[in-house]
Each structure stands twice: as C-alpha cells, then as structure tokens.
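I have a structure I would like to understand better, so I am pasting it below and will then ask my questions one at a time.
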Amino acid sequence: MAEQTPATDERAVRRARRQALIDAGINPYPIKSVVTAHAAELEERYGALEAGEDTTDVYSLAGRIRALRNQGKVAFIVLEDCTGQMQLFCRINNLSEADWALLGQLDLGDIIGATGPVIRTRRGQLSLAPTSLTLLTKSVRPLPEKFHGLTDKEVRYRQRYVDLIMNPEVKQTFVNRSRIISSIRRFMEDQGYLEVETPILQETLGGANAKPFTTHFNVLDQDCYLRIATELHLKRCVVGGLDRVFEIGRQFRNEGMDLTHNPEFTSMEAYCAYSDLDGMKELSEKLFQSCAAAVGKGNVIDYQGAQIDLSSPWRSATVAEIASECVGEQIDLDTPVERLRELCTANGIEWAESWGSGKLIFELYDELGEKSIVNPTFVCDYPVEVSPLTKRKDDDPRLTDRFELIIAGHEYANAYSELNDPVDQEERFAAQVAAKAAGDEEAMEYDADFVRALEYGMPPAGGIGYGIDRMIMLFCDEASIRDVLLFPHMRPEKREVAKPADDGKLDSGLSREAALELLKKYNEDPFHVAHGETLEGLMRYYAEREDPENVEFWGQVGLLHDLDWEKWPDAVQHTVKTAELLAEAGANPALAHSIQTHNCDQNAELPKPEHIMEKWLYATDELSGLIQAVAKMRPSKSVTDMELKSLKKKFKTKSFAAGCNRDIIRQGAELLGIELDELFTSVLEAMKAIAPVGDIYAEN
C-alpha cells in the first residue's frame, strides 16, 4: 500500500515521540506487564453497577488505544484487549504527575497497561479509573482510518495484522476457525479415531492427482515433494492395525488460486476399517452438526444468502437422479447416447463424439446439477468414465462406489470404499506412471512400498477427505478461501507502480476510421479484422475503467495490435513491420511502442509491458482467443451464456485450442498482479459487455 505524505509525516512525529521517551528515561517497550482481568470479564461481572457508582475493586488491564480524548483535568481512553473494549476514565488527581504527563505522549494504536478500580460514570459508562498508567508498546505507524472499507482486499490479506486490528468481524472469523478445528479433533476422538501424523516431506508422489511442490534434501542428495495428500500413509496405518485413524494437516499443490483454492490448504482424511460409504455418511452428518454447535449455531445456518438445513438425515442421490431433475426427464446409463447429446445441446453443454452415456450424464450433472444443490447431499454412483481409479459397485460395474458431499453448490468431502486389492493397485500405479511419462504432470508415481503394505492385507475400509478451509467458509459465511486463511499466499509485493508512458492525453495520430482502413488494407481475412475489433472493444472496456481520458488510444492499440500478422506471419518479427507501417501512415510512435510490447516474449529486443494499457493488451490477446474457441463449441456460438466454469475446464484441457498459449495467459495475470481466476472472470465479463463484438462464431 503506497504511503501518503500525511502518514509519512505522522510516522516521523511518532518516531520523535518514541525518542523523546527514551531520552527521558522511559522504556517504550518494557519487558514486564501485569494483567489481572479482561474487558469482557469486567463487563459481565459489573453489569449491574448503577450509574455514578464506584467500587474499590482494583484490576490491571492492558490493550491497544482505540480512542483518546483529553478534556483538561480528565481524559477518556477506549482500551481494546483480546475480548473487547473498556473505557479508562483518567482524572488528574488519581494519577501521578509522571503518569498524567504520559497521557500527552500517547497516540492511537499505542499499547498501554492501566491499574485502578472499576466504576460506572454518571453517564452510565462502565469504566476503569486508573491510578497508574504504563506504556507497553509505542506504535510508530498510525492505524488507517477506513481499513474496513478498503476495496483492495489484497492489502487487507497482505497486512492481515492491520485487518485484525481494524475489523472485529475478521478477528471473530479466525476465533471461530480455531473453535471449529478443535471441535473436529474432539469429535473424531469421541468416535474412536486415533489422530496420527504422517510425513509432509515425501519421497514418492501419491494419494491424489495434483502438481506438487518439489525440494531437495541435501544430506541424502534426494529430491522430495511436499505432500499433496495423506491417503497412502494413513492406509499404511490401517494395514498395521490402527483401525480408525485421521489426520488434520496441511497439503501443498502447485496449482492455481481462486475463491475456493489456495496452494497451501488444510484437509482432514479419515479411514475406518470394516466400514463403508454408509459409515462415512453418518460420520459426516454428525461432524458438520458438531462444527455448527462449536460456533454457536443450530442445524439451520445461513451461507451467502442461502439457508442450509444440516438436520439429519441428509439426502443421498445419484448423479443420474440429479441430472434427471435438471433436464426434466428420467435419464440413466441405459438412455440412448443420441438423446443425452440432444439434452446437452439443449442446455448449452458442448460434448464430444467419443463420450459415452456415463460421461454425458456426468457433464449434465456437473454443469447443471451441482450448482442446484443447496442442502447437504451425498451425490453417489459416479460413472466409471469419470472416476476410473475407484472401486466399482458390485451390482453395476458401470458405476463406482463413491460419494461427494455437496452443500450450496460446492464440494466439501469425497469418500470411497477403499481399494485394498494389491494387484489392482499395482496395475493402477503402472497406468499412472505411463500417464506421467506421456506428459501428465499431475499423475501419481509408483509407490512400491504401499503395494507391499497392501500385500500384507488391508481390511475393507471406508475413507473420506474433508476440505477444512471450505468447512470454515461455510460456518463463517465467507465466500473466499482467503477470508478464512490468516495468511493466504500472495504474489510478491510490488514496491513501485509503473508510470504511464505519457503524462498527458495520448494521441495516436490516426482517426479511428483511418486505423480501421489500415487494418483492412493489410488483412483480407475477415477473421483477422474481427480479432482486431474484438481487442479494440476489450481495450476500450478497460480504458473506461483504468484511463478514461485515453479510451481512443487504447482502442487503436487493440485494433492494430496484429496489423502485420496476415502478410508477415513471423513470430519473432511480429509487430516490427507494424511499426514501419504505422510510421508510414503518420501515426504517433507511442502507438507502435505500446503494440510491440505484446510480443516481447518472442523478441527480446521489443519493449516490455509497463503501462497498465500494455499489460491489459498482453493479458487479453491470447485469453480472448481461448474464450472465442470455447464459444465456438457452444450451441449459441456466443460468449453471452458462457459460465466461468466452462472456460476454466477448457483452459485445463491442454488438447483443446492447443494454439492458445496457456503460459502467456498465466504471465498476463502475473503482469496485472491478479490471480488467474480473477483474470478469467474479468475478461469473460468484458467479452459479454462488448458483445456482439467478439462473438465471431455466433449466427447473425
């Protein structure tokens, strides 16, 4: 957060006061402090004290000054400790000369100690009347005035310590987080589960399909991973005779960040020998009800405007049942593939010729059904096509013995009847190794020791994994995972803000008509012209928000960014010829400079994006192409009905629109200092805002 001059001056004043205290022999950071009571405790104990009544009950409080008002021979301080606030009613006759003088050297944010009797003022305010004051910590940086209303949440996440000071509701969220996790631990122990600890630093990657963080163990000269799951070590415990085990711990996945994902997160996995999915359902119902009670809630809670009933029993429904409800007719694995394709098309869901009935039904559920679920629902019987590593059901091998717990459209748990056949496990590991060799960075490795453990025999077991952070979000009514993580992962803080290329109004030297005529002169393919117009629309959209004075200049940067590509399609020299063409047309050199920045990754001699305009050009060029490719697959051929979920799914599918460079899209987000999910959301909203411009595949 950039420092403003007044704040800088205030810091200088406070530093001077700090030094004055030291010069006067007062230590502004003493070792010793005394606390014999807290604000909330006194509020409860003396709630019946009458207005104007004094006591001789002396206590020592300590906390941060949140308000300070001096009125001659009396002063009022609002002291805040970890439980609440208490007024200090300071009178000159009750304090020593030194302590009264100290009052004049205190600032908002200082931490002080106060000792004195409890009273209630004539105006009815319960107070402590100090007979002594002690400065415990001198604050040399002033607290912000309106941190609660700060729209840039990144500053609040990065400076969580200030967020906690300024926003009581944020502090309460993390108090509740602690209570919930404690209640989970007590609940599991009461159910007979043994808490164990498994390695975070692991030699073999397994337990989930995810890209890991890697590190190196110097002593053994060994490459290691930070764990992505606790599954395989917990199952080893079950093999060893620890029939009920659980672990609450951190997992690390080197993947993206969005509203429900952080690369470092907390999960709980639990395994119960001789149990099954019914046992995991019963465990889940009681666990969630216990968590609600831990934060003082009943079985009906509010989450993001929805009322959720946690009362037992919870619904169990198959993937096919929920998909049927959404499409308005009964469908299952025996429904003709042609009909399932028609239903997908009718609901704006793209499909592939290679998909069987199981995959088509799952897509209908995934796109339409999951978000329709409000109350807790165990979604069961996933088709084997979308869950190939799971045990098949005995009565229908086309389905798997698995459930996901869905609440308010989000997944909170994933449970399985655990695989305990060592030969089957060995074959699945081999398939994962083959997938990794083929380039799948998220595939698991072959864990020979785990196969050996299964060969000794693991009893039939039910297993489940819970997303603890998502559970905290649910019970604290928070929409973002960052709001329930004290210190969410952040990009490196940028100390300097890039300055505009020109301090005044930017003039391209061309009219919009002349720029369009120039584009059409060197681009005969209507697609290339349409792509230029798409980028023009996007750049004008962002200019209205970022730089309203220069909307026209931004627009021409977008319109002409690929001016030379059709006739001179050389990746390295791209935009070099553009500069020549623009110079011939009498354009301002600044126009060519801004355009050239979007090809700097191919040609190191070209300028890099520095102005916010240039960063948006870089970020939107490739991503808009991917969005248009996704739109082409939709029945409407338009972005107007496209959901973020569909875009993210296609982004992860490397074979889809393979010409769209995913790394450039990621770099665009980094240039702008935003998360990839934020970039997707923003550009998709911008594409919808400028439509029908950009809907190059839609029928007119």
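The values are calculated or read from the model by the stated rules, or taken from the named source; none is laboratory data. Computed from a prediction, not measured in an experiment: that's the story for all the values here. So basically every Cβ, Gly included, is an ideal-geometry build from the backbone, and we count neighbours across all protein chains shown. Ligands, DNA and RNA are stripped out before the accessible areas are found, and what is left, the full protein with its side chains, is counted by its heavy atoms. Shrake-Rupley method; radii C 1.70, N 1.55, O 1.52, S 1.80 Å.
Mean projection of the alpha-carbon convex hull of segment 428-473 over all orientations, in nm²?
Result: 5.1 nm².
Can you give the local net charge around ILE301? Use residues other than it whose beta-carbon is closer than 12 angstrom to its beta-carbon, Lys and Arg +1, Asp and Glu -1.
-2
Order 376-382, 111-117, 163-169 from most to least packed using the mean count of other Cβ atoms within 10 Å.
Highest to lowest by the protection proxy: 376-382, 111-117, 163-169.
Still on this model: If you count, for each residue, the other Cβ atoms within 10 Å and average over each peptide, how do 220-232, 535-547 line up from highest to lowest?
Values: 220-232: 18.2, 535-547: 21.1.
The packing order, highest mean first, is 535-547, 220-232.
Another question, then. What's the Cα-based Rg to Rh of segment 97-211, Rh via Kirkwood?
Taking Rg over the Kirkwood Rh, I get 1.17.
Counting alpha carbon pairs within less than 8 Å and at least 6 residues apart, what relative contact order, in whole percent, applies to segment 297-409?
On the way: 183 pairs, mean separation 30.7, N = 113.
Relative contact order here is 27 percent.
Dividing the convex hull volume of the Cα atoms of segment 366-441 by its residue count, what figure in Å³ per residue is obtained?
Cα convex hull per residue, to the nearest whole number: 119 Å³.
For n ≥ 4 DSSP H runs only, could you compute -39500 (n - 2.57) per run for the chain, divide by its residues and tell me the 222 nm figure to the nearest 500?
-12000 deg cm²/dmol
Moving on. Beyond a 18 Å Cα-Cα separation, which of these cross-linked pairs lie in this structure: LYS32/LYS138; LYS654/LYS688; LYS567/LYS608?
LYS654/LYS688; LYS567/LYS608
Which percent of the accessible heavy-atom area of the chain goes to carbon and sulfur, probe 1.4 angstrom? Write down the numbers at each step before the final one.
On the way: 16640 of 33450 Å².
So the carbon and sulfur contribution to the accessible surface is 50 percent.
Whole Å is fine, so just give me how far the alpha carbon centre of segment 324-352 lies from that of segment 418-438.
Here the answer is 32 Å between Cα centres.
Would you mind computing Rg(Cα) / (2.2 N^0.38 Å) for segment 607-690, counting N as its residues?
Compactness ratio reported: 1.05.
Something else: State the percent of C-alpha pairs, over all pairs in segment 150-275, separated by a distance greater than 22 angstrom.
53
Which is farthest toward the positive dipole end of segment 274-317 among TYR274, SER284, VAL300, measuring Cα position about the Cα centre, with Cβ charges +1 (Lys, Arg) and -1 (Asp, Glu)?
VAL300
By the scheme Lys and Arg +1, Asp and Glu -1, what is the net charge of all other residues having a beta-carbon under 9 Å from that of ILE111?
Result for the neighbourhood of ILE111: +1.
Over segment 363-488, what is the mean sequence separation of C-alpha contacts under 8 Å (at least six apart), divided by residue count, expressed as relative contact order in percent?
About 19 percent, as a whole number.
Can you give the extra length, in nm with one decimal, that the chain gains between GLN667 and GLU385 once fully stretched, where that is 0.36 nm per residue apart less the Cα-Cα distance?
Between GLN667 and GLU385, full extension yields an extra 98.2 nm.
Still on this model: Hey, what did segment 153-300 get for relative contact order, percent, Cα under 8 Å, at least 6 apart? Before the final figure, lay out the partial values.
Working: 179 pairs, mean separation 31.5, N = 148.
With pairs under 8 Å counted, the relative contact order is 21 percent.
Next question, about the same structure. For segment 160-229 and segment 659-674, what is the separation of their Cα centres, given in Å?
When both Cα centres are located, 29 Å separates them.
Over the chain, give the accessible area per residue in Å² for a 1.4 Å probe, as an integer.
Normalised by residue count, the accessible surface of the chain is 48 Å².
While we're on this one: Among all helices in the chain defined by DSSP H, which have a length of 15 Å or more along the axis from Cα atoms plus a Kyte-Doolittle mean of at least -1.0?
168-190, 277-294, 422-437, 512-522, 526-546, 612-633, 662-672, 676-690
Same structure, new question: For segment 611-627 and segment 29-91, compute the distance between their C-alpha centroids and round to whole Å.
56
What percentages, rounded to whole numbers, describe P(r) for the chain computed over all alpha carbon pairs with 20 Å bin width beginning at zero?
Bins of 20 Å from zero give 14, 36, 34, 15, 1 percent of pairs.
Ranked from the most accessible area to the least, with a 1.4 Å probe and all protein chains present, what is the order of SER636, SER354, SER33, SER284?
On the way: SER636 45, SER354 105, SER33 70, SER284 0 Å².
Solvent-accessible surface, decreasing: SER354, SER33, SER636, SER284.
Which number do you get for Rg(Cα) / (2.2 N^0.38 Å) in segment 319-423?
1.07
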